[in-house]
Each structure stands twice: as C-alpha cells, then as structure tokens.
Amino acid sequence: MAGKRFQRTEQGRREGHSATIETEAPEREVPRFMTGRSETATIERQLTEPSSRRRVLVESGVPAGDTHGPVRRRDSLCRRALAMADMAAAAVALTLGVVILGGDRVTLALAAAIPLVVLVSKVAGLYDRDEHLLHKTTLDEAPAIFQLATLYTFLIWLGEDALVVEGTALADGGDLGRGQVLGLWGLLLVSLLAARTVAREVARRLTSTERCLVLGGAEAAKGVDAKFRGARRVDAAVVGRVPLEPGEVNGSGPVVLGGLDELEGLLVEHEVDRVIVAPTTADSEQLLYGIRRAKSLGVKVSVLPRLFEVVGSSVRFDDVEGLVLLGVPRWGLSKSSMLLKRSVDLLGSAAGLVVLAPLFGAIAVVVKVPSRGPVFFRQARIGRDGKQFQMLKFRTMYDGADEAKAELLDLNEADGLFKIANDPRLTDVGRVLRRFSLDELPQLFNVLRGEMSLVGPRPLVGDDDRLVTGWQRRRLDVPPGMTGIWQVLGSSRVPLHEMVKIDYLYGANWSLWLDVKILLRTIPHMVARRGL
C-alpha cells in the first residue's frame, strides 16, 4: 500500500458522484482527495493507458451503495437461475397435474400461467434473499416455498374458475378436480425444492469465489477464515482484515491489509465483495464509518455479533417507535415443546423400527457370524440432567476392544474426544457399518424408551462429559439425540469446545422445523460416507 492513493475528480464532485483512481504518490505526502485540472488530466491519461496493472474505479454515474461488477453479475446470475428453476418447476407441476392426474390436454392458458410463479416468488422475497447470504441453502427457505406453492396453487384454482367462465380453461377437460389441485400443490412443492437446489449449485459453480475482508480483531478473522475453509457449500475466502483498534499487528490469522482510514482503497485494490464486521470494544463511530464506506462502494456487509454466541438466531426484532430492540427467548424447551418433541420421537422411532426390521435382521447376521461377541454393543453415556444410560449400537469392533482404548490414545485425531479414522479395532463388517452410520440404528430403542431423542446433543461418555463445565453443561437440559448439528457437520472434525457451543445454541434455537432440517441433512451426510 506504500505510495498508493485514491483520488476524486472535479467533474465527479460537481455531479455528486466520485471517480476514484489508483495513482503512485509518496506515502502520506499527497492529500487523499485532490482537485484541479492536473487531476483530470491524470485520469484521462490512465483511462487510456493499456497497462493491466493500473486499476481505475469510476463511480460517476453509479449511485452510492450500488454493487460493483462482479457482485452484480453474481447476484444477477443467481436470480435468473432461480427464476428459470421456478418456471421449470411450475411447468412440470402443471403438466403432470393436468395431464397425468386429470387425463386432460395442455392448453395455451396453461402455458401462460407458468410465468405467474415468478411474480409470486418475487412478492415473497425469494429472489432477494441470497444476495445477503454466504450459505445459500434451499432447505432453509422450505417454509417460504411451502407458502409459495400454496399461494400459486390457490391462484391457479381461482384463475381456472374465471377462465372456464370465459370459455378458455387451463385443462382441455374443463374444471380442475380436487385431486388435480392437491396433486398440483404437492408436485409444485417438490419440484420447486429440487429445481432451486440444482439452480443454486449451478450458479455456485459458474461464479467466482466471494472475496471477503474481516473488519475486526485477529481472533475473529481467524475463526471466520477457518469456518470458510471447512464449509462445503460456502464458496468464500478471507483475503485479509482491517483492525478496528489502531496499532494492531498481524496475528496468526489473516494478514492485516491496512488501517481503517485506508478502507476504501483496500476494498478496491483487493477486489473485495463482502465485508464481515466483527465488533470488539472499538468505538461505535469507527464501526459505523467502516460499514458506511463499504456500502458506499457497493460492497456487501455482514455482521458477526458476539451476542448471537449466547442467544443464537432465535431473537425477535421489536420496533418501538423506531427504537429497535431484540427480544431474547427463554433458553431450552417449554413443557409443551418437550411434549411435542417427545410425541415426534415416539412416532418416528416406532415407525423406524417397524420399517427397518428386515435391515436389523440382516445386520445382526453379518455382525454375529464372522466374529465372536454379541450383536449389540452397550456403552454407558451421560443423558439428560446428567443421568447415565446404556446406549445401544451394532457391534463394529472385536469383543473386548473397549479395554484396549488406553493403548491407542496417542493415535487420537480429535480435539477433546477420542476419534481414530482407521481404528485397528474395527472388524471388516464394522468398517462398512460405520461408514454409512448404520451402527447407530439400534439407538431407536433408546429413543422409544425415552433415554434419547431423534435429534439433540450427542451423549458423551463419562470421561468426555467431565471436560464440559460451567454454562456449557446446560446442553444436558435437552435430551441427547441420535443425530444433531454436530454430527451433520462431521463429528470427527468438530473439536469438543466447538461441539458444546453448538449444542448450547441448539437448545437456544429449538423448533420442530430445526429438528426436521437436521434429520433431512443427516441422510446425505450418511450417503456421502462422512460418518468416520
């Protein structure tokens, strides 16, 4: 950054905008913003100069806050991909609902109804959501898609009545029947979820990595960088950080690119797409200055508030005459929520045991025949309120392997837990069962007995549980689960101190939909063989 400064033209100032260029100048000797004819001549010379190393950022004609080229292209591609996906889903649903379920022929009116889904999606805000997010996932917007499918089907049903009166029906056979309407709704819901998932993946692969700058301390920047590197569905990278506190030096994380007073130039020089603000004890004016300058250059801004480490994402925004307050819900599950969760556990575990009974029998045979020992492995775990229970698994190791654990402690690959990817105690059948997490299925019996839940914090063995102290032990207020956020992220990659924080946030943010999302994400997790 030595010798580089960014200048503003006289013409841009007269027009109410800014034309910013990068020029060479002695460090701290040339004013940051210059005026006069010599500056205009410099701009004209650099705009015509062929050197690829000269970067010219011209903002004249672009209102403050507009996104710059790469960001605008990324957002536009994502919107268009989602709009095409919505129309494709509507076309499939309408065609199958009319032709397959009703035996009717497709008419011109049916084709004209397809673009209506784009209008409904836009009104619902389903095209504007992604530009604010780094982790763009269709599953998180499933409730909104449910509403979209319901409203669109309702409009088609209303429109069908109007078209029949005018003599032009959506289906050649006339009025849509009840079965067709219900079928259209179900087909549209499934088609939208599938099409939007594919569209987001295509858009992610066609766009460049989102370049992020952390505005905050070294530890926060290091944590964000680590999360980005380990995330599977987030295509973003930290290019560096700008400290809010003056005089900060480089730590072990992302490099310090410069000071807060150089933020505008740094955003341009490093082609930053998004600023991630990690507040510390810095003065609020400095923080607001950084956010305003980033937004004035069209750079997206995300905030990493430390408050959410405690309350999670379940806060409610309360507007009192323009005064914004955050309502923080109680921690844990109410009695009615616990009853609802237990009812789902009973139904789910009972249904699972019935459906999977043939698989249980097959696994029992392949576990018992090749190696000596019982079919089930029982291990003492710590459950809700610190009570001990016997957790069931299909045996994956040779009989008596638990006693050999002490000899393998130097091979441990996890932080705070005992995990070995290629554990020598595993049998050949056990390796296959663990790879697909099939060894966990007998815990359905634990769920049926009320010792566990389908979703919840992972129950720990006594030695690991004793490492969890203080407020982190509140994780025991929630029933332990067969699966949870920790397992979906990859249990062997998440250290113990991160795991207990995740478990605490699960209790702070619990909802039935959260449990459903975790269960749905567990399936691809198992198929992708990430159980080890």
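Can you tally the net charge around Arg293? Count Lys and Arg as +1, Asp and Glu as -1, for every other residue whose Cβ sits under 12 Å from the Cβ of Arg293.
Values: positive: Arg292, Lys295; negative: Asp261, Glu262, Glu264.
Once all neighbours under 12 Å are counted, the net charge is -1.
For segment 192-306, the fraction of C-alpha pairs more than 16 angstrom apart is 60%. Distance between the modelled labels on Arg292 and Ala380, one decimal in nanometres: 6.3 nm (7 Å Cα→Cβ projection).
Between Trp471 and Leu346, the modelled label-to-label distance comes to 3.5 nm, taking each label 7 Å out from Cα in the direction of the beta carbon.
When each of the peptides 294-300, 232-238 is scored by how many other beta carbons lie within 10 Å of its residues on average, the order from highest to lowest is 294-300, 232-238.
We did not get these values from a lab; they are worked out from the coordinates using the rules stated. All values derive from a computational prediction rather than experimental measurement. Glycine also receives a Cβ, built like all others from the backbone with ideal geometry; neighbour counts cover every protein chain displayed.
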